[in-house]
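Just below is one structure, and these are the notes that go with it.
The values are calculated or read from the model by the stated rules, or taken from the named source; none is laboratory data. Since the model is a prediction, treat every value here as computed from it, not as a measurement. Every residue, glycine among them, receives a Cβ derived from its backbone with ideal geometry; neighbour counts consider all protein chains shown.
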Amino acid sequence: MCIACRRRAPQTQLLRMVVRGTDEPRIVVDADRVLPGRGAWIHDSAACWKKARAKRAFATALRSPGAPGPDLPCDEGWDHRKQVSRMDSV
């Protein structure tokens, strides 16, 4: 279920986000869906990303109020899937 729009979808249509790090927690994409910890799922659409950031859904879903939401551009023409490998390599 997407944390923004609350619609159900197959996992192949959603991106899994997890909190990494203890000193400076940050939210990252779990492209392989294997990282330990609580995961949050979101649709690969700019509308869902905007909505999730607006209502602070990442911190709520991940139960990590100290972790800032992912700082991703939410332009309508932006393809999140192209950025997954770049974000995970940071």
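Observations
- Counting the residues of segment 27-42 that are in contact with a strand residue (DSSP E or B) (Cβ under 6 Å, 6 or more places away or on another chain) and either within 14 Å of M1 (Cα to Cα) or without any contact (Cβ under 8 Å) to a residue 60 or more places away in the chain (or both) gives 10.
- Residue that is farthest from L62 (Cα to Cα), among those in segment 1-48 that are among the β-branched types (V, I, T) and surrounded by fewer than 17 Cβ atoms within 10 Å (Cβ to Cβ): T12
- Hits in segment 18-36 (condition: among the basic types (K, R) and at positive phi): R33
- Identification of helices (runs of 4 or more DSSP H) wholly contained in segment 11-88 with 2 or more residues that are at pLDDT 90 or above, among the β-branched types (V, I, T) and touching a helix residue (DSSP H, G or I) at 6+ places or on another chain (Cβ under 6 Å) yields no element.
- Residue within segment 6-14 that is closer than 19 Å to S64 by Cα and within 11 Å of the chain's Cα centre (by Cα) present: no
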